[in-house]
Amino acid sequence: MLFRSSRSPYRISRGAPNRFDAIEPCLKQLASASFSPTLVIDAGAHSGEFAMMARRVFPLAAVHMIEPQPACAADLQRLLIHPGFFLHQVAVTAEAGPVHMNVRPGRDTGAHVAWPTNRHEANLVVRGMTLDSLFSARCGQVDRILLKLDLQGHEMLALRGASQLLPLVEVVLLEVSFFRQAGEPTIPELVHFFDAAGFDLFDIAALSGRTRDGRLRQGDFVFVRRGTKIDRKSTRLIQSHSF
């Protein structure tokens, strides 16, 4: 159980708390660094929490929510009454086709694309599409794009289907695992991938521990494309404070 006051930076937790969750302040920091995206892609939208947060910070952006779970559809569809929200009820993956998912019965959380080792446990088949097929035709060089990926370890699978989109993306917010679970990529693998794609690690927006023993389990990393307005502004700030 977590109690938080909107007037205070402190919180009181019962049980093992997250180390911190500063995603919204991180988005605001990006906004203060002249980042004003025209498009926010929320892959793994769940019930729309991040989508609503992104709209608060970036009110002019079109927010595209991607979420295949039927249990999440009603919450996301309620957001569609507001201009600028769009919903894609598909799973993003490396290539188009049926996608097998493991979903906890009766719950709308904990779902993930099945790995080959546990595909026999899959209890839901959804339509799979690539990020390229969803967005590359509608995006151009003039767009400023924020891509958020929270896919329970299948982020690299989705990125393999984004070879045309990724060069147009300016900021990536990505969930990472601090130890390998099933087939998730390691942090060095992710950092190497984004370095090769022209991104630098800009910030760590959240950290959370494993419930049973508090071991650091997951985090949210922010990658920013090198040479963009954000990168140039942060470099100038560093240089101005150097001794």
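The values are calculated or read from the model by the stated rules, or taken from the named source; none is laboratory data. Not measured: the values here are computed from a predicted model. Positions of Cβ are backbone-derived with ideal geometry, glycine not excepted, and every protein chain shown enters the neighbour counts.
What pairs can you find where one residue is in the stretch 35-62 and under 14 Å from Gln77 (Cα atoms), the other is assigned to a loop (DSSP other than H, G, I, E, B), and their Cβ atoms are less than 6 Å apart, with a gap of 6+ or different chains?
Close Cβ pairs satisfying both conditions: Ala45/Glu67; Ala51/Ala45.
Evaluate the stretch 96-116: report whether one residue or more is in contact (Cβ under 8 Å) with a residue 40 or more places away in the chain, among the polar types (S, T, N, Q) and within 19 Å of Val171 (Cα to Cα).
no
Among the listed residues Asp200, Asp213, Asp231, which satisfies the condition of being of a type in the set (D, E, K, R) and at pLDDT 95 or above?
When all the criteria are applied, what remains is Asp200.
Please find, among Ala137, Ala114, Ala182, the residue that is closer than 23 Å to Val40 by Cα and small (Gly, Ala, Ser).
Checking each option against the conditions leaves just Ala137.
Among the aliphatic types (A, V, I, L, M), at pLDDT 95 or above and in contact with an Asp or Glu (Cβ under 9 Å, 6 or more places away or on another chain): which single residue out of Ala31, Ala71, Ala43 fits that description?
Details: Ala31 fails: in contact with an Asp or Glu (Cβ under 9 Å, 6 or more places away or on another chain); Ala71 fails: at pLDDT 95 or above.
Exactly one residue qualifies, and that residue is Ala43.
Can you spot a residue in the stretch 46-63 that is at pLDDT below 95 and on the phi > 0 side of the Ramachandran plot?
yes
So Cys26 fits all but one of (1) at pLDDT below 95; (2) touching an Asp or Glu at 6+ places or on another chain (Cβ under 8 Å); what number is the exception?
(1)
Tell me, which residue of the stretch 136-164 that is polar (S, T, N, Q) and farther than 21 Å from Glu189 by Cα is modelled with the highest pLDDT?
Ser136
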